[in-house]
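A short worksheet on the structure shown next.
The values are calculated or read from the model by the stated rules, or taken from the named source; none is laboratory data. Nothing here was measured: the structure is a model prediction, and the numbers come from that model. Here the Cβ is made from the backbone with ideal geometry for all residues, glycine too, and neighbour counts use every protein chain on show. We work out accessible area using only protein heavy atoms, side chains counted, and drop any ligands, DNA or RNA first. Shrake-Rupley method; radii C 1.70, N 1.55, O 1.52, S 1.80 Å.
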Amino acid sequence: MEQKRDQWGSKLGFILAAVGSAVGLGNIWRYPYLLYSNGGGAFLIPYFFALFTAGIPLMILEYGLGHKYKGSTPLAMARANKKWEWLGWWPSINSFIILTYYSMILSWAVNYLYFSLTQAWGTDTNAFFFNDFLKLSSAPFDLGGMVWPIFFGITALWVINWFICYRGVSGGIEKLNKILLPTLIGIMVIIVIRGATLPGASLGLNKLFTPDWSKVMDPKVWIAAYGQVFFSLSLAMGVMMTYSSYLPEKTDINNTAFMTAFANSGFEFLSAIGVFGILGFMASSQGVGIDEVASQSIGLAFVVFPKVFTMMGAFGKIFGVLFFACLVFAGLTSSVSLVEAFSSAIIDKTGMDRKKVVTLAAVGGYLVSIFYATGAGLYFLDIIDAFINSYGIVVVGLAEAVVIGWLLGPGQIREHTNAISYYSIGKWWDVMIKFVTPTVLTFMLVQNIVNEIKSPYGGYPSLALAILGWGVIGLGILLSVVLSKKAWKNNSLENYK
Ligand code: PFF
């Protein structure tokens with residue numbers, strides 16, 4: 001007997017979950033610096049161009065495929081064309097791999113949430129983070145010892161991931177997003193209001209938005225814009241297809257894709273204003289330029305911001321708690337979406353019970369994550385993340401556009417989404433999927449490969465890049481092909497409607 005497919009309790013629940021997946025660390029710690037370093041206000045041109053020519057069209061494609069074929073990514077791809085099933089497995093496997101290190105970053109944020117109460121990082125926040133907290137070893141294959149606070153954080157996060165997905169789509173994921181997303185937005189608004197009114201904030205905001213038009217001519221800036229749009233909208237990772245497969249028959253997909261994208265961009269602007277307001281305050285208090293304090297990702301969250309929180313005195317303790325809570329909440333709603341994308345694929349393929357699959361996935365993911373709780377964790381994260389972003393996301397996005405645009409015919413998906421949506425999308429969408437998205441992604445892929453050959457990523461030893469970089473990519477593709485050869489349980493390939 002085929003199991004009944006889970007469904008969202010409401011359309012709002014679906015939108016919140018999709019936005020919850022899209023809004024993540026990328027919005028908070030990646031976008032602000034990207035905007036600043038790629039031409040400030042002028043970056044908005046490539047950014048919106050990327051959003052309308054690739055981000056939203058691919059989101060409609062993923063929503064449309066998941067909804068039309070009612071399946072997780074491999075099942076939807078197999079139902080569209082059995083030959084391309086493997087293409088649905090690769091993003092699902094990538095989701096699992098990303099999860100194993102995502103839980104480590106969230107574990108850092110949980111630890112820092114606790115540290116903010118006493119500002120335990122002291123005055124040298126850089127040394128505290130890398131030496132005292134991470135106990136960073138000397139190289140990727142020097143594991144060092146187990147770092148217990150990180151280990152405990154990872155354990156807690158996997159228990160949460162497991163619990164939410166175990167409870168199912170409407171009872172777990174939807175409920176989590178209904179609580180966390182509004183809370184996250186509320187906290188971000190407080191951070192922005194206070195951040196933008198700190199003394200010196202205008203210095204940061206001016207720098208952030210002052211357009212540098214020369215950058216608009218630089219192809220690297222365009223690649224950065226497309227990369228951000230893909231990553232930030234959680235595209236080519238299996239999430240959006242899986243989430244839309246839980247929608248009821250009649251759902252306005254076209255409109256929802258625009259709403260998800262705009263909500264995600266709105267959150268990105270909000271955090272850019274908050275982050276640069278705070279950096280402006282820091283730079284003016286220290287009498288230095290913005291370029292000396294501006295940074296992104298780990299450096300911003302775990303080195304620069306702790307320093308600012310200390311400078312703010314007692315108020316900085318509250319600010320620190322709010323900021324790290326933001327990271328944890330934003331990350332949790334994204335990590336749960338990755339667990340679901342992976343588990344759903346296994347549930348569809350094997351016909352096994354959700355509870356069993358989610359439990360096995362959580363235990364497996366947890367066991368792999370433990371490696372990241374060692375002194376070499378940061379190196380693993382850095383290499384694997386770079387390769388999955390440069391190749392996994394780009395190749396999957398490209399292949400999705402080519403398979404649908406050229407082999408299946410974009411009209412099939414467009415007609416499906418138009419039939420159930422309030423607004424119809426026109427032939428422009430076909431043009432984006434057939435020509436624009438594949439061209440841009442091919443360009444990005446070639447550029448990434450050329451760069452990798454010219455200067456291997458991060459200056460790591462070749463063996464580390466061969467195993468953790470190319471090895472992980474190769475293993476993902478191999479596993480995808482093997483899995484696609486296995487039979488579907490209960491004839492689930494044909495049984496839909
Ligand atoms: N969209 C998330 C962010 O911007 O941080 C990251 C992400 C989550 C990417 C989930 C992909 C994914 F499937």
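Accessible area per residue for region 339-497 is 46 Å², calculated with a 1.4 Å probe on protein heavy atoms, without ligands, DNA or RNA.
Computed over protein heavy atoms with a 1.4 Å probe, the carbon and sulfur contribution to the accessible area of the chain reaches 68%.
Taking only the C-alpha atoms of region 94-194, the Rg (one decimal) and the largest Cα-Cα distance, Dmax (whole number), read 16.6, 45 Å. Taking the inverse of the mean 1/r over every pair of distinct Cα atoms in region 400-443 gives a Kirkwood hydrodynamic radius of 10.7 Å.
The calculated FRET efficiency for A466 paired with T359, based on their beta-carbon distance and R0 = 41 Å, is about 0.75. Hydrodynamic estimate: the Kirkwood radius of region 308-439 over Cα pairs, inserted into Stokes-Einstein at 20 °C and 1.002 mPa s, corresponds to D of 111 µm²/s. Based on DSSP H segments of at least four residues, each scored -39500 (n - 2.57), the chain has a per-residue ellipticity at 222 nm of -20500 deg cm²/dmol.
Fully extending the segment from L12 to L143 would add 42.7 nm, taking 0.36 nm per residue of separation and subtracting the current Cα-Cα distance.
Computed over region 197-257, the P(r) tail beyond 17 angstrom holds 66 percent of alpha carbon pairs.
Here is the P(r) of the chain: all C-alpha pair distances, binned every 10 Å from 0, give 4, 20, 31, 28, 13, 3, 0 in whole percents.
In region 13-89, the convex hull through the Cα atoms has an average projected area of 6.5 nm², a quarter of its surface area.
Starting from a Cα-only point model with no solvent, please compute log10 I(q)/I(0) by Debye for region 329-401 at q = 0.24 1/Å. For the requested q values the scattering log ratios are -1.18.
Once the Cα-Cα distance is subtracted from the 0.36 nm per residue extended length, the T350 to T118 segment shows a gain of 78.6 nm.
Full extension of the chain between K489 and V431 yields a length gain of 17.2 nm, computed as 0.36 nm times the residue separation minus the alpha carbon distance.
Take Y114: with every protein chain present and a 1.4 Å probe, its accessible area is about 150 Å². Here the 3J(HN,Hα) profile of region 194-211, calculated from phi with Karplus coefficients 6.51, -1.76 and 1.60 at θ = phi - 60°, is 6, x, 7, 10, 5, x, x, 4, 4, 4, x, 5, 4, 4, 5, 9, 4, x Hz, Gly and Pro shown as x. Inter-label distance, F52 to N131: 5.2 nm, where each label sits 7 Å from its Cα along the C-beta direction.
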